[in-house]
Structure formats: structure tokens, C-alpha cells
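K.L.:
Please read through the structure below; I'll follow up with questions.
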Amino acid sequence: DAGITQSPRHKVTETGTPVTLRCHQTENHRYMYWYRQDPGHGLRLIHYSYGVKDTDKGEVSDGYSVSRSKTEDFLLTLESATSSQTSVYFCAISEPTGPNTEAFFGQGTRLTVV
Amino acid sequence: AQSVSQHNHHVILSEAASLELGCNYSYGGTVNLFWYVQYPGQHLQLLLKYFSGDPLVKGIKGFEAEFIKSKFSFNLRKPSVQWSDTAEYFCAVNNNAGNMLTFGGGTRLMVKP
């Protein structure tokens with residue numbers, strides 16, 4: 001398995017509180033992604049990063065922010081959590097240079113907003 | 001923007017039955033295509049991928065997929081499923097720049113022993 005660690009693995013939080021999820025990689029891949037997985041929607045891209053301090057929005061970025069101050073860490077922050085952000089969050093990494101491009105996924109973080 | 005459609009949301013099969021899961025994408029340029037599998041409680045794992053060359057791609061565990069460019073399709077097949085194939089399957093596409101992997105909604109497969 002690729003060296004991707006997500007923390008925490010499970011979290012329950014209250015509406016309106018800030019939450020930060022961490023993704024740590026040991027593969028030195030340039031690209032890192034945050035997805036959320038919801039039944040019937042597959043995985044939807046929240047934000048991604050293509051290098052230190054280089055980030056961009058995905059299709060469901062509202063209510064989320066990210067930061068990447070080091071190659072190995074990509075943080076996802078919910079500034080003020082809402083019940084609609086209850087989901088399973090997956091971090092992924094890739095190094096898109098040629099035919100071996102594929103994304104590797106972390107174990108996921110199950111977030112419940114009550 | 002690229003998008004991916006998986007037409008079957010739930011599939012139930014008996015062991016030894018043949019499997020075909022549909023995947024269609026919309027993107028006008030060159031794409032890379034993937035099938036991922038997620039076993040219950042686990043993260044996504046790559047089953048197979050297509051970048052170029054032979055449009056019939058073979059992956060792990062006896063799975064294969066065929067890229068039909070004229071139909072914008074990348075259907076997943078397996079001649080004889082096993083109970084251990086029970087999982088959720090996701091088709092995904094990215095463009096040649098490789099910076100945004102777009103997923104379909106997933107197909108949940110249940111194989112009855």
C-alpha cells in the first residue's frame with residue numbers, strides 16, 4: 001500500500017465547530033486530493049494540490065479550505081461544520097508523469113456532524 | 001468539464017455468473033481511464049487502467065475492461081464472479097494532464113454464494 005495516512009479516522013463534531021482533517025504521505029508525490037464519498041454520488045473532488053502552496057478547487061469546494069505547507073501534508077478544514085458535511089473523506093495522491101499515472105487512496109476519515 | 005456515468009447502481013449476481021458494469025464518460029480530449037474497487041470498510045484500490053494502446057485491458061483478479069472510443073465507454077467485465085467480488089466499483093477518468101480524477105457514482109455489486 002502507498003504510504004498515505006489520514007487522521008483522524010473517525011470524528012464526531014457539533015454543527016458550527018471547525019474541523020481539520022490531515023493527510024500525510026511518504027511517497028513524495030506532487031498531487032494530493034481530497035474527496036468526499038456519499039451514497040449515490042461516488043467520490044467528488046473537494047480540493048486538490050499540485051505542489052507546496054499550490055491548490056485549486058474541485059467540484060464541491062464550498063465550505064472547505066485546504067492548505068499545503070509541506071509536500072507530505074495536505075490539510076482539509078471545515079471552517080464551520082454543517083450536517084451536510086457528514087461524509088467519508090478520502091485523501092489521494094498521484095504523480096502524473098506518463099503511463100503509470102494513477103491515484104492512491106488513504107483509508108478514509110468518517111466524519112459525523114451532529 | 002469531464003463527467004462519468006455508471007448506469008447500474010446495484011447489481012446482484014450468483015456465483016459463476018458473468019459480470020458487465022457500464023461506464024460512459026464525456027470529455028472531448030485524450031483521457032486516461034480507471035476502474036477502482038472498494039471492498040466493505042476499505043479504501044479504494046486500482047483494478048485496472050487504460051492510457052493508450054490495446055483497448056482491451058486486463059487487470060487483477062480476472063477483471064478486464066474495453067475502451068470503445070466511439071462510444072465513450074469503458075465497461076468492466078468478468079466472466080465468472082465469486083462471492084469475494086462483493087464490493088463497490090468505481091469508474092474514473094482524468095485528462096492527459098492527470099490533475100483531476102473524476103469518478104462515476106459507483107456500482108454496488110453483491111454476489112450470492
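K.L.:
Mind checking A:26-35 for the average number of partner chain beta-carbons within 10 Å of each residue's beta-carbon?
P.N.:
1
K.L.:
Also, I was wondering about something else. Just report the Cα centroid separation between the range A:1-49 and the range B:1-73, whole Å.
P.N.:
Cα centres, the range A:1-49 to the range B:1-73: 23 Å.
K.L.:
Taking trypsin sites (Lys or Arg not before Pro) as candidate sites, keep only those in a DSSP loop with at most 13 other Cβ atoms within 10 Å, then name the longest stretch of chain A containing none of them.
P.N.:
A:54-114
K.L.:
Going highest first, how would you order B:86-93, B:6-13 by mean Cβ packing within 10 Å?
P.N.:
B:86-93, B:6-13
K.L.:
Filter A:Lys57/B:Lys49; A:Lys11/A:Lys70; B:Lys58/B:Lys112; B:Lys61/B:Lys112; A:Lys57/B:Lys58; A:Lys70/B:Lys61 down to the pairs with a C-alpha to C-alpha distance above 28 Å, please.
P.N.:
Where the Cα-Cα span goes over 28 Å, the pairs concerned are A:Lys57/B:Lys58; A:Lys70/B:Lys61.
The numbers here are math on the coordinates, done by the rules we state, and not lab data. As the structure is a computational prediction, the values presented were derived from the model and not from experiment. Please note: Cβ atoms are built from the backbone with ideal geometry, for glycine as well, and neighbour counts cover all protein chains shown.
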